[in-house]
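Q: After the structure tokens below, expect a handful of questions from me.
The values are calculated or read from the model by the stated rules, or taken from the named source; none is laboratory data. Values in this document were obtained by computation on a predicted structure and should not be read as measured data. Here Cβ is always computed from backbone atoms with ideal geometry, including for glycine, and neighbour counts include all displayed protein chains. All accessible areas refer to the heavy atoms of the entire protein, side chains included, with ligands and DNA or RNA removed. Shrake-Rupley method; radii C 1.70, N 1.55, O 1.52, S 1.80 Å.
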Amino acid sequence: MSVFRTAGGDAIDRSRTISFSFDGTRIEGHPGDTIASALLANGVHLMGRSFKYHRPRGVLGAGTEEPNALVGVTRGPGRFEPNQRATLVPITDGMVVESQNRSPSLARDIGAVNDLLSAFIPAGFYYKTFMWPRSFWAKVYEPVIRRAAGLGRPPEVTDPDRYAQRWAHCETLVVGAGPAGLAAALAAADAGGRVILCDEGETIGGRLRDMPRATIDGLTAGKWIVQARTRLENAGVRLLTRTTAYHYGIGNLVTLAQRCTDAGGARTRERQWMVRAGRVIIAIGSIERPIVFPNNDRPGVMLASAAAGFLHRYGVLVGRHIVIATQHDSAYRTAIDLAGAGAAVTLVDRRARPAADLGEACSAAGVTVITGHIPIDTRGRLRVSKVAIAPAPDAAHRWLPCDALLMAGGWTPSVHLHSQSGGKVAWDAQSAAFLPGTTLAAQVSAGTCRGRVTLADCLADGWTAGGGNGASAPAADDRTDTGMSPAEPDAHPEGARRKAFVDFQNDVTAKDIRLAVREGFRSVEHLKRYTTNGMATDQGRTSNINALAIAAQAMGQTIPGTGLTTFRAPYSPTTFGTMTGFTRGRLFDPVRTTPMHARAVAAGAVFEDVGQWKRARFFPRPGEDMHAATARECISVREAVGLFDASTLGKIEVVGPDAAAFLDLLYAGRLSTLAVGRCRYALMLREDGFIADDGVIARLATDRFHVTTTSGGAASVLNVMEDFRQTEWPDLRVWLTSTTEQWAVAGVTGPRARNVLAALVEGVDLSSDAFPHMAVRQGRIAGVPVRIFRVSFTGETGYEINVPARHALPVWDAVAAAVAAAGGGLYGTEAAHVLRAEKGYIIVGQETDGTATPDDVGLGKMVAATKPDFVGKRSLMRAAMRDPDRKQLVALLTADRSLLDEGTQVVDPASPRQSLGHVSSTYPSVTLGRPFALAMVHGGRSLLGTKLAVATAAGPVAVDVVDPVLYDPSGARLDV
Amino acid sequence: MLLIECPHCGPRAEIEFRYSGEAHMVRPAAAAACDDATWAAYLYLRDNVRGEHAERWRHTHGCGQFFNVVRDTLTDRVVTTYPAGHARSAAGGEI
């Protein structure tokens, strides 16, 4: 087996060997390995190229903090994902992994020329360079930048995997299953209530897994973890591993992303949990910081905690000759463990006099300790080969050969979730870190994420947070080497000419940060955006505090005085699949279809979306385009009879002793005088006097009205009605029921409409005396009870047959057959729009735009101004609402018979830069034998008979301003 | 996502509700008789409170009832909820 594999490792299954390919090379590993651990086990450190300078990079971390080792992973056909952190992705047999940001290969990358040109691409380079000449932007700069920017290539096919979402509720949510989180969950489970424990790792234990020699309650750490799992499972705690809490929202709603399976296929790949928790215990630990010094980014240079993780979890030694640079205690444990696994280890401590017992322990383990020194440079093109150490950056140095250099720059408590919950962070001088401060959310942090250092403290802290009695907390032996001491973030001194990296993923150096300060950036939020420090996909986990320390030093300020950037969700990169869940494709938005939809499909309809509805727009015959089909459908209605599916109209049944009084208040017209069996067109206004909706209202009984609304307005009209009913006039005895889905509507219109109905309807006298225009009757068609409205939206004699939706098809089929027999046919919404526009009938939202009064659209007579009150009445009384120069509805006829565009501006030819109004509807008309338009024009009614112009791309087009009723102004055809 | 205590149904997620603007806006009793300034104030003037704000919500995907919520606009926390028509002062505290 590979030369860097040791006997340890709790995550891998040594009994089996699997393989994957990395840039075409076959790599072997064990189940449980990550891509990073398998590569390191084979001595491969070079895993990527940096973003800006294309410098060779290896892993920096061993987990979610990894900034360098981003790879593209192919898990099978259609299953390619870029920018995966090699430290997180478990290997599977046959997986194909490719490195990124290099060409032609990782070892020989042409982009590395950027590293040599780095003097010319400092912080803010884009902002400074691509300003001039302006004409270069679109053709030269942007294409080049776009090619160079970004990380991996995007997937090219639709994600074939399944993603799920679910809600969960619990009394206690514990985030993080390290020592503190496990202790908290155990205590919470003892206390009772539903407990959910989640951890982003493959298994529970967290950093405890890297402390094999620690003991808890007399057990080794590994055995205690196993025991804790059993106790939690027996107590009914929901344990979610491979699950990242990525968003902490208001109301203690924490969103988790669970990676269910890496394979995909029939099983759900990822699941989003939306957990509403009574309280949240945040135990997400801390992340180690690198040390900022020149050339601190070569492959083989990594965090000490990463080396510990690779050793203890995967049984991988990151090198044979290891130098550890530290400024605090926690690296000593790692040094001793690495030496114990067979590496030659030299520990370089910045402190002149570290604790004596640590020195003794190192001696016993064969670790060489050099005190009072810091690393100041490294060598090695594709892998670190030596490190220069010196007492100070400008002092005489000496070289130590090595194949791995570990950095222990101190620990940064993860306050992300605390901050997302609305909590403040506060600088703690003793830990030299930002720690969770006050919060209004029902949450508490525990363990190293709130500055607890030793294992015993973390266990006790978690136990107490979980509701346990402090005295009964799990007891750990508190050996020095299980602790981690704080350290001041390293502010590297001025003057280094070589690159000392702060943000590894965005290639931000200490020099860049100082440059930004010199250029006047003072706010940390500005520094962040100008230098891009912390803006990469790792969100500055390893870089923010170092950058802050350097900026503070450059400004001569303290770190807390300089401030901290805001923590935003998601905590770590989360797939769109997780957030999207089931709501994709067919399930993205509900599709509403009418009961007759299948008939329209069978008739070859072309549909349009109206809100969520699918409406048949036209029914083309072979060779017909929309205009041809619509023209034929219009002729059919005008000369014979047409059948229209009007089921999408909103319908509300308004019932009660005060129903009429209620409608008098809600609508501008007077409904209380409407006789039973009659119907009336009515306008609903907003309180500001403008048209909100329109429809026909039928009175079926003294206390019962059938109200129709526009197709798109049904929900909002009901909402407005409910609002006034519940909160303004709660004393009125009236009840509202939406019946939109309960009634299907077949509109039959045209000169032969009455004849068609006569052959079908039972129990209704269709003569105009017995059943006049704007009346409603109840009868039967094909044995089904129907409500028939005699109304017209076309200008022809018309009937709208309301059928209970579940009986719609037999009625529709009977009517369709009769219509066809009478020489008519189906027509769609496009023809309906043309027919209504020829009559000057408005569509709310087409002619009106939220600033039109009834009088503006020629419907002033629909307002019962003598009513003492109705919604919108007071506003209509304002002088401005009666200004004769308001925009008014007119029709426009182009002198050259051209078709205008909707939305174009109406102008006076004498001063064409001044808009007089706009075109609201425009159609070709076979009935009129020419195109026409409706428009809203200032003082339009006073301009009837004059000539204006409409501005088009080709210049002004002369138009005649005419009355909006172009077809049958006398209305004679409504009663044929 | 807010957790809102509907006075009729109990605590529910925000997606079940629809926001409906500031609460306790009194429609002038004799609307047609009031002066332009009074009417304009009713139509357009709102407080934009920094802190506790009384506002109307409707439990659209539940009981359908309008009710009032006091929410702190600084912290986005729901302080209390109470049925429509109840005075704000009388509602403070538990439902």
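Q: If you take the alpha carbon radius of gyration of chain A and divide it by 2.2 N^0.38 Å, what ratio comes out, to two decimals?
A: Working: Rg = 37.8 Å, N = 976, 2.2 N^0.38 = 30.1 Å.
Normalised Cα radius of gyration, chain A: 1.26.
Q: Which of the listed residues, A:ALA331, A:GLY319, A:GLY309, is farthest toward the dipole's positive end in region A:290-409, when Lys, Arg count +1 and Asp, Glu count -1 at the beta-carbon?
A: Working it through, the farthest residue towards the positive pole turns out to be A:GLY319.
Q: Bin width 10 Å, origin at 0, all Cα-Cα pairs of region A:192-264: what percent of pairs per bin?
A: Bins of 10 Å from zero give 18, 38, 34, 10, 0 percent of pairs.
Q: Give the A-B buried accessible area in Å², both sides summed, 1.4 Å probe, nearest 100. Provide the component values of the computation, followed by the final result.
A: Values: alone 39880 and 6260 Å², together 43870 Å².
Using a 1.4 Å probe, the pair buries roughly 2300 Å².
Q: Kindly report, to the nearest 10 Å², the accessible surface of A:TYR827 as traced by a 1.4 Å probe over protein heavy atoms only.
A: The accessible area of A:TYR827 comes to roughly 10 Å².
Q: Over the protein assembly as shown, with every protein chain in place, what whole percent of the accessible area is carbon and sulfur at 1.4 Å, could you tell me?
A: On the way: 23870 of 43870 Å².
That share works out to 54 percent.
Q: Using the Cα centre of the protein assembly as shown as origin and beta-carbon charges of +1 (Lys, Arg) and -1 (Asp, Glu), tell me which of A:HIS45, A:ALA510, A:ALA958 is placed farthest towards the positive end of the dipole.
A: A:HIS45
Q: Apply the Karplus parameterisation 6.51 cos²θ - 1.76 cosθ + 1.60, with θ equal to phi minus 60°, to every residue of region A:953-968 and state each ³J(HN,Hα) to the nearest whole Hz, in sequence, with x for glycine and proline.
A: Values, residue by residue: 4, 8, x, x, 10, 5, 9, 8, 8, 9, 4, x, 8, 9, 10, 6 Hz.
Q: A further question on this structure: How much accessible area per residue does region A:883-975 have, in Å², with a 1.4 Å probe? Intermediate values should be presented prior to the final figure.
A: Details: 4420 Å² over 93 residues.
In whole numbers, region A:883-975 has 47 Å² accessible per residue.
Q: For region A:548-558, in order, what is each residue's ³J(HN,Hα) by Karplus, 6.51 cos²θ - 1.76 cosθ + 1.60 with θ = phi - 60°, in whole Hz (x at glycine and Pro)?
A: So the Karplus estimates, Gly and Pro as x, are 5, 5, 5, 5, 4, 5, 5, 8, x, 10, 7 Hz.
Q: With a 1.4 Å probe on protein heavy atoms only, tell me which residues of region B:61-76 lose at least 40 Å² of accessible surface in the complex relative to the chain by itself.
A: Listed in order, they are B:PHE66.
Q: Across peptide A:724-732, how many C-beta atoms of other chains are within 10 Å of each residue C-beta, on average?
A: Values: counts 2, 1, 8, 12, 3, 1, 2, 0, 0.
The per-residue average across the peptide is 3.
Q: Taking amide H atoms as placed 1.01 Å from N in the peptide plane, list the residues 5 or more away in sequence, or in a different chain, whose amide H sits under 5 Å from that of A:GLY251.
A: Answer set, sorted by chain and number: none.
Q: Please work through the protein assembly as shown and write down the cysteines that have no neighbouring cysteine Cβ at a distance under 4.7 Å.
A: A:CYS170, A:CYS198, A:CYS260, A:CYS362, A:CYS402, A:CYS449, A:CYS458, A:CYS634, A:CYS679, B:CYS34, B:CYS63
Q: Now a separate question. Given the -39500 (n - 2.57) contribution per DSSP H run of 4+ residues, what per-residue ellipticity at 222 nm results for the protein assembly as shown, rounded to the nearest 500 deg cm²/dmol? Walk me through the numbers before you get to the answer.
A: Values: 26 runs with 221 residues, N = 1071.
Rounded to the nearest 500, the figure is -5500 deg cm²/dmol.
Q: Right, something else. Normalising by the residue count of chain A, find the relative contact order in percent from Cα pairs under 8 Å and 6+ residues apart.
A: Numbers: 2303 pairs, mean separation 84.1, N = 976.
With pairs under 8 Å counted, the relative contact order is 9 percent.
Q: Further, regarding this structure: Arrange the peptides A:659-667, A:292-300 so that the one whose residues have, on average, the most other Cβ atoms within 10 Å appears first.
A: Values: A:659-667: 22.1, A:292-300: 24.3.
Ranked from most to least packed, the peptides come out as A:292-300, A:659-667.
Q: Moving on to the next point. Once you charge only the Cβ atoms, +1 for Lys and Arg and -1 for Asp and Glu, what is the size of the charge dipole of the protein assembly as shown about its Cα centre, to the nearest 20 debye?
A: Details: 116 positive and 107 negative charges, 345 e Å.
With Lys and Arg at +1 and Asp and Glu at -1, about 1660 debye.
Q: So what J values fall out for region A:871-877 if you push phi through Karplus, 6.51 cos²θ - 1.76 cosθ + 1.60 with θ = phi - 60°, rounded to Hz, Gly and Pro as x?
A: Computed from phi, the couplings for region A:871-877 are 4, x, 4, 4, 5, 5, 7 Hz.
Q: Using DSSP, restrict attention to beta bridges with both residues in chain A and report what percent are antiparallel, rounded to the nearest 5.
A: On the way: 134 of 180 bridges.
Once the DSSP bridges in chain A are tallied, antiparallel ones form about 75 percent.
Q: Just want to confirm a number: the relative contact order over region B:3-91, from Cα pairs under 8 angstrom separated by 6+ residues, in percent.
A: Values: 143 pairs, mean separation 25.6, N = 89.
Taking the mean separation of contacting Cα pairs over the length of region B:3-91, I get 29 percent.
Q: A further question on this structure: Can you tell me which of A:504-516, A:749-761 comes out highest on packing, and rank the rest after it, using the mean Cβ neighbours within 10 Å?
A: Numbers: A:504-516: 25.2, A:749-761: 21.4.
Ranking, from highest mean packing down: A:504-516, A:749-761.
Q: Per residue, how much accessible area does region A:290-409 show when a 1.4 Å probe rolls over the protein heavy atoms, in square angstrom?
A: Numbers: 3710 Å² over 120 residues.
Per residue, region A:290-409 has an accessible area of 31 Å².
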